[in-house]
Amino acid sequence: MRRHSAGQISRMLAAQIQALVTELLPAGQRDGHEWRCGSLAGERGQSLAVHLHGTRAGVWCDFAGGQKGDALDLVAACLFNGNRRDAMQWSERWLGLGDRGNDAPVQRRPVQEKLNNSQELDLEAQRRRAKARRLWQEGQPIESSPADAYLKGRGLDLRLLPNMPGSLRFHPAAWCAEVQKPLPAMLAAIASPAGKMIACHRTWIQQTPSGAWVKADLRAPKKVLGSFSGGCVRLTRGASGKALGIADAGSSVILAEGIETSLAVALACPEMRVLAGVSLSNMGAVGLPQEISTVIIAADNDGPHNHTARKALEAACQKFAEQGREVRLALPENKGDWLDVHQAGQDVTRS
């Protein structure tokens, strides 16, 4: 019989949250009173925040994937695809509880405090979404902009696509918290399944002395403003030219992770509809209309030892399969992503 409740285990995990996040999310970094990384997949970034101190220790929110919870939920999301029962067993072993039954009880946090925490997160999400929309509205068309030049320097010539992606823009001065000043940035609109903009992806860029535009020299040059669970960046419409919401029955879609990787896929397959899921943790959550019968996941090849990435990818495939869709997985032959494949092909052509 289990000696500890989920609430007790969560509080004990929270008491050792610094050690826990170091193990679960080793690529993250401390930022004030929070541990930050890109998402539940554990990549570097800022979108996932875990509180390290005080009454909110262990409380976390993945603004990239739209998930949140306590310390036990974090274990479940990172290691067990959300299964709290398996997370409890793992946590008891990690905490060294074993058969011990004399652990001092931990006082339960007031219910009202939990409600207040939830309300604070909801208000913060609304504020970020409004800010994302304002930033997008301030943006300029990407064609012939520094963002266009940046992509072209990466081997991504938007003019080779059937149409210039309307989901991409350029902003000459988007605020960057890391350096506490505005920087030029490529913007990408993240739309909900209903087609409504819910978040804005930013890629900060800088100009070299030679005049070339490259990714900004930042710890986190790519960040999402706003929560976008279930959303995606709609890059190309394929041969039909129809919006995602009015896709023909039996249609197919290619879903990749990053924006630049997705653009590389779109250039290789101009006849296909291509979407960017933005983060691996969001891939399986992307909402698609019933008319989409086939989902081709153009995944990154992270190698056989990245167990977290593999689990997230398997979960995404399973989610779409459970929806009754045909799921195909496309992986680069060698370690890397489809942008690497695209750039390597261009190098061969130039040589």
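The values are calculated or read from the model by the stated rules, or taken from the named source; none is laboratory data. Being a predicted model, the structure only gives us computed values, none of them experimental. Backbone-built Cβ (ideal geometry, glycine too); neighbour counts: all protein chains shown. Keep in mind that these areas ignore ligands, DNA and RNA; they rest on the heavy atoms of the full protein, side chains included. Shrake-Rupley method; radii C 1.70, N 1.55, O 1.52, S 1.80 Å.
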Of all residues being open to solvent by 50 Å² or more (accessible area, probe 1.4 Å) and within 20 Å of Asp300 (Cα to Cα) in region 27-73, which is modelled with the highest pLDDT? Just the residue, please. Arg44
Matching residues in region 204-221 (among the charged types (D, E, K, R) and outside any loop (DSSP other than H, G, I, E, B)) number 1
Of all residues in region 150-163, count the ones that are under 24 Å from the mean Cα position of the chain (by Cα) and part of a loop (DSSP other than H, G, I, E, B). 3
Return yes or no: is Ile296 out of contact with any Gly (no Cβ under 9 Å at 6 or more places or on another chain) and either among the basic types (Lys, Arg) or at pLDDT 95 or above (or both)? yes
Candidate set from region 227-236 (those that are within 21 Å of Glu138 (Cβ to Cβ) and either modelled with pLDDT under 90 or of a type in the set (Gly, Ala, Ser) (or both)); member that is surrounded by the most Cβ atoms within 10 Å (Cβ to Cβ): Phe228
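Within the group His201, His171, which residue is part of a strand (DSSP E or B), in contact (Cβ under 8 Å) with a residue 40 or more places away in the chain and surrounded by 14 or more Cβ atoms within 10 Å (Cβ to Cβ)? Walk me through how you get there before you give the answer.
Details: His171 fails: in contact (Cβ under 8 Å) with a residue 40 or more places away in the chain.
Of the residues listed, the single one that is part of a strand (DSSP E or B), in contact (Cβ under 8 Å) with a residue 40 or more places away in the chain and surrounded by 14 or more Cβ atoms within 10 Å (Cβ to Cβ) is His201.
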Open to solvent by less than 20 Å² (accessible area, probe 1.4 Å), closer than 15 Å to Arg133 by Cβ and part of a strand (DSSP E or B), is that true of Ala185? no
Tell me, yes or no, whether region 247-262 has at least one residue that is under 22 Å from Asp340 (Cα atoms) and of a type in the set (Asp, Glu). yes
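When you look at Leu267, is it out of contact with any strand residue (DSSP E or B) (no Cβ under 8 Å at 6 or more places or on another chain), open to solvent by less than 70 Å² (accessible area, probe 1.4 Å) and either farther than 17 Å from Gly231 by Cα or part of a strand (DSSP E or B) (or both), yes or no?
On the way: out of contact with any strand residue (DSSP E or B) (no Cβ under 8 Å at 6 or more places or on another chain): yes; open to solvent by less than 70 Å² (accessible area, probe 1.4 Å): yes; either farther than 17 Å from Gly231 by Cα or part of a strand (DSSP E or B) (or both): yes.
Yes.
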Can you pull out every residue in region 204-217 that is open to solvent by 30 Å² or more (accessible area, probe 1.4 Å) and of a type outside the set (Val, Ile, Thr)? Gln206, Gln207, Pro209, Ser210, Gly211, Ala212, Trp213, Lys215, Asp217
Given the conditions (1) in contact (Cβ under 8 Å) with a residue 60 or more places away in the chain; (2) over 18 Å from the mean Cα position of the chain (by Cα), report the number of the one that Thr294 does not fulfil. (1)
Out of the residues in region 74-131 meeting the condition of being modelled with pLDDT of 60 or more and in contact with a strand residue (DSSP E or B) (Cβ under 7 Å, 6 or more places away or on another chain), tell me which one is least open to solvent (accessible area, probe 1.4 Å). Leu74
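Let me confirm something: among Val274, Val224, which residue is open to solvent by less than 20 Å² (accessible area, probe 1.4 Å), over 30 Å from Glu178 (Cα atoms) and assigned to a strand (DSSP E or B)? Don't jump to the end; show me each part of the working.
On the way: Val224 fails: over 30 Å from Glu178 (Cα atoms).
Unique residue meeting the criteria: Val274.
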Can you spot a residue in region 330-344 that is free of Cβ contacts under 8 Å to residues at least 24 places away in the same chain, assigned to a helix (DSSP H, G or I) and in contact with a helix residue (DSSP H, G or I) (Cβ under 9 Å, 6 or more places away or on another chain)? yes
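Is one or more of the residues making up region 286-308 closer than 28 Å to Ala130 by Cα, part of a strand (DSSP E or B), open to solvent by less than 20 Å² (accessible area, probe 1.4 Å) and touching a helix residue (DSSP H, G or I) at 6+ places or on another chain (Cβ under 9 Å)? Show your work before the answer.
In the first step, residues of region 286-308 are kept if they are closer than 28 Å to Ala130 by Cα; the result is 286-289.
From the residues that got through so far, the ones that are part of a strand (DSSP E or B) too are none.
No: zero hits.
Quick one: would you say Ala149 is under 14 Å from Ala188 (Cα atoms), modelled with pLDDT of 75 or more and surrounded by 15 or more Cβ atoms within 10 Å (Cβ to Cβ)? Explain how you work it out, then say what you get.
Working: under 14 Å from Ala188 (Cα atoms): no; modelled with pLDDT of 75 or more: yes; surrounded by 15 or more Cβ atoms within 10 Å (Cβ to Cβ): yes.
Considered against the rule, which asks whether it is under 14 Å from Ala188 (Cα atoms), modelled with pLDDT of 75 or more and surrounded by 15 or more Cβ atoms within 10 Å (Cβ to Cβ), Ala149 comes out as no.
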